[in-house]
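K.L.:
Before I ask anything, let me first share the structure, which is written out below as structure tokens.
The values are calculated or read from the model by the stated rules, or taken from the named source; none is laboratory data. Note that the structure is predicted; figures quoted are calculated from it, not measured. Methodologically, a virtual Cβ is constructed for each residue, glycine included, from the backbone with ideal geometry; neighbour enumeration extends over all protein chains shown. All accessible areas refer to the heavy atoms of the entire protein, side chains included, with ligands and DNA or RNA removed. Shrake-Rupley method; radii C 1.70, N 1.55, O 1.52, S 1.80 Å.
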Amino acid sequence: MRPSITRRSLVVCAATTSAVAIYSPYIRTAHAAGKLSVGLWQHWIPGADNASTELVREWAEREKVDVQIDYITSQGGKDRLTIAVEGRAKTGHDILQMPTWWPIANAELLEPLNDLMDHLIGQNGPVNDAARYLGHQGGKWLGIPTCVGSQIKGPCSRIDLMKRYANIDVQAMYPPGRPPEAAAWNLETFLAAAEACHRGGYPFGIGIGETPDSIDTAGAIFHSFGADLVNARGDITVRTDSVREAVEYYKKLIGFLPPDAAAWDDASNNKWLISGRGALILNPPSAWAVAKRDAAHIAELCWSHGFPAGPRGRFAPYSPFFWTVWQFSRNKQAAKSLLAYLSQKSSVEKMVVASGGFDLPAFNNINDLDIWRDIGPPSGTLYHYPNPHHHQILSVAASPAPPKIAQQIYAGAVQVKMCLRHFQGEPMEQTLAWAESECEGFMRN
């Protein structure tokens, strides 16, 4: 649930003394000094930005740097507009946080961060493959994967409704503190549960519009069937049995979703769960966090857990953010020093705790924070959200296509549109021909 404030600023003034030794590879003078302008995504979780502000202030006081922070909302695409305006003008923030595809879209304008990433990987372990797919191109790290805003859009189920109507005990299937016992949790079970809950009057709240939540869900289900529209070599692979199976499956699923699901935006599924009208949504814990504040009786009945498995595996929709540094930044060394500080495990833990467990680190060695085990109610509700037992493959919709092609497939919501067109009566081969034509057009762009 996004806050209504669109932009706010903070100026942090210099105060104390020298650089910590660990950042000396990036700041080669006694003090970083100077000024730094930072543009960060404004968090959906109330109060989550406070941790980032405090961490920046700590660093600024130590390094004697004047820092201006602008928190930029993603409502109305203001974050993407800021990226586009600064990239075109070649002036703006020294550090700018970018979602998913935007580092790749601006690759030629971004400072390589290989030196910093080498240091962080040595310290925090490797990053997951999905973050690497989106953040690394042509031997160049385009950004530092940040926990802030990064999320898995997995199932958040109503414990009571799934038991009552689908005969599924999600707590037993995903027990807190232990590996999942989810061998039977697959797409067929998921479809049967969607049908049962629909009959009971509590449909699954899954959008089929052109917004990221809908696109990410479709991407994970397509991956579960091995249904790639374009493969890693750049070959169009629309007319395959796996794509047909994915589209046919989605046609069945849509029949059990709310009738207005095609018009949903990314707040609709949150509202659906909080209102008590649905048995399951596919979302990070933002809906649960707001329910904990505004509808505690709903929050106490929610359980976040893994995605259903398909014929080709169990894939979880994943959406990471990155901290980037423009090539035209006036203080690159200070920017790298700040990003190194924000990427320490102690810093990451403060930001994750401030988000109520919403934010997910991409580094393997920062995936065991106590908050996911301890937070509630109910106790253990977020334990399986960060994929602690690595039983899911993180999914980026439209991958493994070359990223610049995948970005266009994603932006065009091609997978979602295919499913909706077929559900509305278009013959399968006509739907595939349309998708193939779309992908051919992306190849020419």
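K.L.:
Could you please let me know if Asn167 is over 17 Å from Gly276 (Cβ atoms), in contact with a strand residue (DSSP E or B) (Cβ under 7 Å, 6 or more places away or on another chain) and open to solvent by 40 Å² or more (accessible area, probe 1.4 Å)?
P.N.:
Details: over 17 Å from Gly276 (Cβ atoms): yes; in contact with a strand residue (DSSP E or B) (Cβ under 7 Å, 6 or more places away or on another chain): no; open to solvent by 40 Å² or more (accessible area, probe 1.4 Å): yes.
It is false that Asn167 is over 17 Å from Gly276 (Cβ atoms), in contact with a strand residue (DSSP E or B) (Cβ under 7 Å, 6 or more places away or on another chain) and open to solvent by 40 Å² or more (accessible area, probe 1.4 Å).
K.L.:
Given the structure, is Val230 under 15 Å from His422 (Cα atoms) and modelled with pLDDT of 95 or more?
P.N.:
Numbers: under 15 Å from His422 (Cα atoms): no; modelled with pLDDT of 95 or more: yes.
In short, no.
K.L.:
Can you find even one residue in the range 192-200 that is hydrophobic (A, V, I, L, M, F, W, C) and open to solvent by 50 Å² or more (accessible area, probe 1.4 Å)? It would help to see each step written out before you state the result.
P.N.:
Residues of the range 192-200 that are hydrophobic (A, V, I, L, M, F, W, C), as a first pass: 192-194, 196-197.
From what's left, open to solvent by 50 Å² or more (accessible area, probe 1.4 Å): 192.
Yes, the range 192-200 contains at least one residue that is hydrophobic (A, V, I, L, M, F, W, C) and open to solvent by 50 Å² or more (accessible area, probe 1.4 Å).
K.L.:
Kindly provide the set of residues from the range 87-129 that are in contact with a Pro (Cβ under 7 Å, 6 or more places away or on another chain) and either at pLDDT below 95 or aliphatic (A, V, I, L, M) (or both), ordered by number.
P.N.:
Ile104, Leu110, Val127 - these are the residues of the range 87-129 that are in contact with a Pro (Cβ under 7 Å, 6 or more places away or on another chain) and either at pLDDT below 95 or aliphatic (A, V, I, L, M) (or both).
K.L.:
Answer yes or no: is there a residue in the range 215-236 that is closer than 25 Å to Tyr133 by Cα and of a type in the set (Lys, Arg).
P.N.:
To start, the set of residues in the range 215-236 that are closer than 25 Å to Tyr133 by Cα comprises 215-236.
Restricting the remaining residues to those that are of a type in the set (Lys, Arg) gives 233.
For the range 215-236, residues closer than 25 Å to Tyr133 by Cα and of a type in the set (Lys, Arg): present.
K.L.:
What's the number of the only condition in (1) of a type in the set (Ser, Thr, Tyr); (2) open to solvent by less than 30 Å² (accessible area, probe 1.4 Å); (3) under 13 Å from Phe321 (Cα atoms) that Thr82 fails to meet?
P.N.:
Thr82 satisfies every listed condition except (3).
K.L.:
Considering the range 46-79 alone, what residues qualify as being open to solvent by 20 Å² or more (accessible area, probe 1.4 Å) and over 23 Å from the mean Cα position of the chain (by Cα)?
P.N.:
The answer is Glu54, Arg57, Glu58, Glu61, Arg62, Lys64, Asp66, Gln68.
K.L.:
Pairs needed: first member in the range 84-103, of a type in the set (A, V, I, L, M); second member anywhere, not in a strand (DSSP E or B); C-beta distance under 7 Å; at least 6 residues apart or different chains.
P.N.:
Ile95/Ala335; Ile95/Leu338; Ile95/Leu339; Leu96/Ile83; Leu96/Glu86; Met98/Ile83; Met98/Gly143
K.L.:
Does Tyr250 qualify as being aromatic (Phe, Trp, Tyr), touching a residue at least 12 places away in the same chain (Cβ under 8 Å), touching a Cys at 6+ places or on another chain (Cβ under 6 Å) and within 27 Å of Phe442 (Cα to Cα)? Working first, answer last.
P.N.:
Details: aromatic (Phe, Trp, Tyr): yes; touching a residue at least 12 places away in the same chain (Cβ under 8 Å): yes; touching a Cys at 6+ places or on another chain (Cβ under 6 Å): yes; within 27 Å of Phe442 (Cα to Cα): yes.
Yes: the conditions hold for Tyr250.
K.L.:
Another question about this same structure. Of the residues Met443, Met418, Met428, which single one is at pLDDT below 95 and either farther than 15 Å from Trp101 by Cβ or open to solvent by less than 30 Å² (accessible area, probe 1.4 Å) (or both)? Full working, then the answer.
P.N.:
Working: Met418 fails: at pLDDT below 95; Met428 fails: at pLDDT below 95.
The unique qualifying residue is Met443.
K.L.:
Output yes when any residue across the range 208-219 is buried (at least 21 other Cβ atoms within 10 Å of the Cβ), part of a loop (DSSP other than H, G, I, E, B) and among the hydrophobic types (A, V, I, L, M, F, W, C), and no when none is.
P.N.:
Looking for residues that are buried (at least 21 other Cβ atoms within 10 Å of the Cβ), part of a loop (DSSP other than H, G, I, E, B) and among the hydrophobic types (A, V, I, L, M, F, W, C), one finds at least one in the range 208-219, hence yes.
K.L.:
Hey, can you tell me all the residues within the range 49-103 that are in contact with a Lys or Arg (Cβ under 7 Å, 6 or more places away or on another chain) and of a type in the set (Asp, Glu)?
P.N.:
Once the filter is applied, which keeps residues that are in contact with a Lys or Arg (Cβ under 7 Å, 6 or more places away or on another chain) and of a type in the set (Asp, Glu), the range 49-103 yields Asp66, Asp70, Asp94.
K.L.:
Mind checking which residues of the range 153-164 are open to solvent by less than 10 Å² (accessible area, probe 1.4 Å) and either within 30 Å of Trp102 (Cα to Cα) or part of a helix (DSSP H, G or I) (or both)?
P.N.:
Answer for the range 153-164, where residues must be open to solvent by less than 10 Å² (accessible area, probe 1.4 Å) and either within 30 Å of Trp102 (Cα to Cα) or part of a helix (DSSP H, G or I) (or both): Lys153, Gly154, Pro155, Cys156, Leu161, Met162.
K.L.:
Here is a list of conditions, (1) open to solvent by 10 Å² or more (accessible area, probe 1.4 Å); (2) within 20 Å of the chain's Cα centre (by Cα), and Pro103 meets all of them except one; can you say which number that is?
P.N.:
(1)
K.L.:
If you go through the range 117-133 one residue at a time, do you hit one that is open to solvent by 10 Å² or more (accessible area, probe 1.4 Å), closer than 20 Å to Lys404 by Cβ and among the aromatic types (Phe, Trp, Tyr)?
P.N.:
Yes, some residue in the range 117-133 is open to solvent by 10 Å² or more (accessible area, probe 1.4 Å), closer than 20 Å to Lys404 by Cβ and among the aromatic types (Phe, Trp, Tyr).
K.L.:
What is the number of the single condition among (1) modelled with pLDDT of 50 or more; (2) within 29 Å of the chain's Cα centre (by Cα); (3) buried (at least 21 other Cβ atoms within 10 Å of the Cβ) that Tyr26 does not meet?
P.N.:
The number of the failed condition is (1).
K.L.:
Would you mind telling me which numbered condition in (1) in a loop (DSSP other than H, G, I, E, B); (2) surrounded by 22 or more Cβ atoms within 10 Å (Cβ to Cβ); (3) on the phi < 0 side of the Ramachandran plot Arg330 fails?
P.N.:
The failed condition is (2).
K.L.:
Which ones in the range 267-289 are open to solvent by 10 Å² or more (accessible area, probe 1.4 Å) and out of contact with any strand residue (DSSP E or B) (no Cβ under 7 Å at 6 or more places or on another chain)?
P.N.:
Listed by number, the residues that qualify are Ala267, Ser268, Lys271, Ile274, Ser275, Gly276, Arg277, Ala289.
K.L.:
For the range 334-375: of the residues being in a helix (DSSP H, G or I) and without any contact (Cβ under 8 Å) to a residue 24 or more places away in the chain, which is nearest to Asn50 (Cα to Cα)?
P.N.:
Going residue by residue through the range 334-375, those that are in a helix (DSSP H, G or I) are 334-342, 345-354, 364-366, 370-374.
From the residues that got through so far, the ones that are without any contact (Cβ under 8 Å) to a residue 24 or more places away in the chain too are 346, 349, 370-372, 374.
Details: Ser346: 15, Glu349: 13, Asp370: 20, Ile371: 17, Trp372: 20, Asp374: 21 Å.
Across the range 334-375, the extreme among qualifying residues is Glu349.
K.L.:
In the set Ala182, Ala194, which member is touching a strand residue (DSSP E or B) at 6+ places or on another chain (Cβ under 9 Å) and in a helix (DSSP H, G or I)? Full working, then the answer.
P.N.:
Working: Ala182 fails: in a helix (DSSP H, G or I).
Exactly one residue qualifies, and that residue is Ala194.
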